[in-house]
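Encoded as structure tokens, the structure appears first; notes follow it.
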């Protein structure tokens with residue numbers, strides 16, 4: 001690993017004045033500063049002959065489990081023991097001796113069996129409050145992406161009905177990740193992929209036609225594979241009000257095809273309205289049908305054939321997925337004997353491959369990120385295999401798979417089926433518990449774990465509800481500042497070095513963690529770290545609030561009050577920024 005000087009660190013990790021944020025002229029992520037200092041200590045020890053020559057290792061910093069062990073710790077000495085041919089404790093003591101002095105470091109200690117522990121300076125910590133205030137709403141930005149173009153495609157549910165809670169989790173994960181990536185210096189575009197080709201939308205057209213005809217007095221049987229939700233009746237009534245009996249005058253096949261197109265357009269507008277209620281606005285709505293109309297699907301199939309990666313068997317076209325480590329080959333185009341409609345013969349994979357080509361080659365995104373439900377888990381290796389077969393760099397494709405949501409009422413699981421008409425929609429959830437609870441709670445669990453959405457908890461106005469707790473703490477900061485303004489107590493000239501109480505210092509440490517959390521969430525594509533951080537920050541503020549009186553201190557201490565008010569201002573900024581990363585509102589009062 002290279003040794004990074006301050007200029008390189010600012011280039012790599014700080015936001016630029018280019019639309020991603022502002023310069024943090026006095027502050028950059030302390031974790032990276034400590035890593036740099038440890039690297040310098042290795043070089044100094046080697047120059048002094050106290051360590052042998054070896055390639056610069058990666059330096060990992062962890063947070064010790066107990067406060068008395070310091071704020072950061074590295075076990076590097078344990079890893080170096082084999083290459084340095086020295087006991088780990090001796091290496092740790094050597095590293096500690098050669099670590100350059102820095103204003104941020106209050107103390108360095110070594111601990112068995114080979115840890116170097118860092119405690120941050122109280123004065124340095126207190127002064128970071130000013131840097132947070134200076135950065136304002138841009139605090140938390142890091143320049144990880146350095147302007148690279150990233151696309152996040154999420155939700156992409158079939159446009160055949162309202163969004164369910166399963167799609168709502170997809171929404172919360174995808175939109176929060178997009179916000180985190182923007183805060184990390186990437187140029188991000190969001191996209192909804194409309195599956196407007198194939199049998200599912202034909203079933204939509206058939207369902208609408210049946211209800212449309214029935215409402216106009218014709219005895220039209222409802223299709224066996226139709227969608228039974230009341231929204232189909234609503235769509236039919238709207239079409240009648242607008243177009244009358246126009247579609248009964250057509251051949252049924254033509255009418256179904258036209259109502260399929262009309263239905264998709266109507267559902268898409270409904271989707272946009274539902275998503276606007278949770279503050280999600282896509283940059284692009286991409287049509288699957290457009291891949292076919294443009295000829296790209298056929299072009300991709302020809303590319304695969306030219307490379308020898310397809311073959312015909314039993315009337316179907318197959319992809320040689322086994323040549324890329326998969327257990328079995330995959331069908332690209334189904335046999336006419338199996339599927340009579342030519343437009344419905346291409347499989348999901350047949351559309352996925354021109355779509356990934358469109359993203360990576362035609363639109364040239366540096367990374368194409370997909371958010372998929374667990375029901376598409378089996379498609380993941382096939383897409384990666386297809387991308388490799390097309391000569392695409394698989395590192396430019398990231399597929400996040402999330403487990404499904406179990407919605408419960410009174411401890412009983414609710415069955416969700418769009419086709420059966422038995423489902424709770426995103427709109428239902430928002431009406432029941434509010435958009436903030438929906439967004440916060442659905443991103444609060446790691447995507448790879450199944451989750452229960454507790455309606456009773458989500459609607460509660462208690463500290464048991466994490467979104468209520470975090471938002472309430474933001475409102476509390478706003479209330480304190482309003483009271484301070486009435487007493488003419490807020491001042492930018494506060495002596496921040498007065499902040500020395502353990503609860504004050506603990507709160508500052510939590511505030512500074514936002515940049516680390518944003519970086520980690522962006523690197524790992526794991527947005528659930530944001531609500532986890534929000535909750536720990538809210539708790540740290542609550543502890544500060546209980547331990548440290550801000551106004552009307554007895555005996556009177558105006559300077560201490562003003563210093564604590566600056567800390568409250570900084571906390572308000574960071575809580576609001578954290579909530580905004582999740583698309584959750586930050587109320588001024590509750």
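Throughout, read-outs are computed from the coordinates displayed, never taken from laboratory work. Just so you know, these numbers come straight off a predicted model, no measurement behind them. Virtual Cβ from ideal backbone geometry, glycine too; neighbours counted across all protein chains shown.
Exposure proxy shown here: for 519, 258, 60, the number of other Cβ atoms within 10 Å sets the order, fewest to most, as 60, 258, 519.
Sorted ascending by nearby beta carbons within 10 Å, beginning with the fewest, 357, 285 become 285, 357.
Helix 199-215 and the longest principal axis of the Cα set of the chain meet at an angle near 60°. To the nearest Å, what is the center-to-center distance of the range 160-178 and the range 452-502, using C-alpha atoms only? For the range 160-178 versus the range 452-502, the Cα centre distance is 29 Å. For the chain, the longest principal axis of the C-alpha atoms and the axis of helix 558-581 are separated by about 20°. Using C-alpha pairs below 8 Å separated by at least 6 residues, the relative contact order for the range 96-193 is 27 percent. The antiparallel fraction among DSSP beta bridges confined to the chain stands at about 50%. Taking every C-alpha pair closer than 8 Å and separated by at least 6 residues, the mean separation divided by the residue count of the chain gives a relative contact order of 15 percent. Kirkwood's formula applied to the C-alpha pairs of the chain gives a hydrodynamic radius of 27.4 angstrom. The C-alpha atoms of the chain define a longest principal axis, and helix 88-98 lies at about 70 degrees to it. Here 398, 142 are placed in order of increasing Cβ neighbour count within 10 Å, fewest first, which gives 398, 142.
Legend: translational diffusion of the range 466-581 by Stokes-Einstein, Rh = Kirkwood radius over C-alpha pairs, 4 °C, 1.567 mPa s; D = 89 µm²/s.
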